[in-house]
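The values are calculated or read from the model by the stated rules, or taken from the named source; none is laboratory data. Bear in mind the structure is a predicted one, so any value in this text is a computation, not a measurement. Here the Cβ positions follow ideal geometry from the backbone for every residue, glycine too, while neighbour counts run over all protein chains shown. These accessible areas exclude ligands, DNA and RNA; they are computed on the full protein's heavy atoms, side chains included. Shrake-Rupley method; radii C 1.70, N 1.55, O 1.52, S 1.80 Å.
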Amino acid sequence: MNSVAAVIITYNVENDFRQRINKLKGKVDEIVVVDNGSKIETINMLKELENEITLIYLEDNKGIAYALNKGIKYSIERGYDWILTLDHDSIVTDHMINNMLNCYEGLNVDLKEKVAMLVPVHIEEKEYKNKATNINEINPSNSYKEVLTEITSGALTKAQIYKNVGGYDEKLFIDLVDHDYCLSLNKKGFKILQVDSAILIHNLGESVEKRVLGLKMIPTNHSPLRRYYMSRNRHYIWDKYKEDFPSWVLTDKRRFITENLKIILFEDKKIEKFKYINKGIKDYKNNIFGKFKNDKK
């Protein structure tokens, strides 16, 4: 059986969320939206969708991990075989889910047992519309490659894995929750396959490419608070997996340095962001996790 529930987390989303839902309809058996304590404008918009999707309202922002676990628990209780996790602003292409499941069905029995998660190729919306990709979605070859980690959006995970292994680490609140979970799966001997013919579309908004000494950089302009969570959780994951996945940890340390360089060169609120980065490191060392104490709704 290949029944699929989609779990989407919302937090103060735009009205174009309706379009994302419309693109998803008919591709999964049930759409489950967990709202993480949004403002009234988002709540009112979601209430208009109550006849089309399943809605779970949280009173306040409890973090992405808690909200994901809430939607996953509901989906497991409903008896679904697979759970598709999505960001609110991602767009599922027409063939993404079927191509992932068809690829899985073509695997040998031993590999099927080891596969915990299937993930798509992530493509920026403008690139997809301009057909700047040579991925064959309509006549796929069912080719794939093993990956160590991938982001939550677009991940199609066996419900049985969540039942046996558990959910996402809620103490991380937000940021790197997905990478922590993927690394934990790999450590337990499971595999994550990226299906070459499955595409998930992302919209990077107004991100502008910059160049420094010939190197391409795209500043993310994350808020100081997000920098806190990224810094704290990164140091936690580095220490947690340094023995098992040293190459991944080293690569992510380089990524951390690059992101700090982007802040220095291109982003505003530089001093505030580095204060939050340092606060994140300090809190990790003091074993302080969960929601940042000054983080309001």
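Spin-label model, Asn142/Leu49: points 7 Å from Cα along the beta carbon direction are separated by 3.3 nm. Between their Cα atoms, which of Lys62/Lys240; Lys25/Lys253; Lys163/Lys291 are more than 28 Å away from each other? Long pairs (Cα-Cα over 28 Å): Lys25/Lys253. An ellipsoid equivalent to the chain, defined through the eigenvalues of its Cα gyration tensor, has semi-axes of 29, 23, 22 Å when rounded to whole angstrom and sorted largest first. On the chain, 48 percent of the accessible area sits on carbon and sulfur atoms, based on a 1.4 Å probe. Compared with the direct C-alpha span, the chain from Glu14 to Phe266 gains 88.1 nm at full extension, assuming 0.36 nm per residue. Distant-in-sequence amide contacts of Asn203, defined by a placed amide H-H separation under 5 Å and a gap of 5 or more residues or a different chain, comprise Glu125. In the stretch 73-98, whose amide N lies under 14 Å from the spot 7 Å out along Cα-to-Cβ of Glu30? List them in ranges. Answer for this model: 73-84.
When peptides 101-109, 232-240 are sorted by average Cβ neighbour count within 10 Å, with the highest value leading, the order is 232-240, 101-109.
Summed over the residues of the chain and divided among them, the accessible surface reaches 51 Å² per residue at a probe radius of 1.4 Å.
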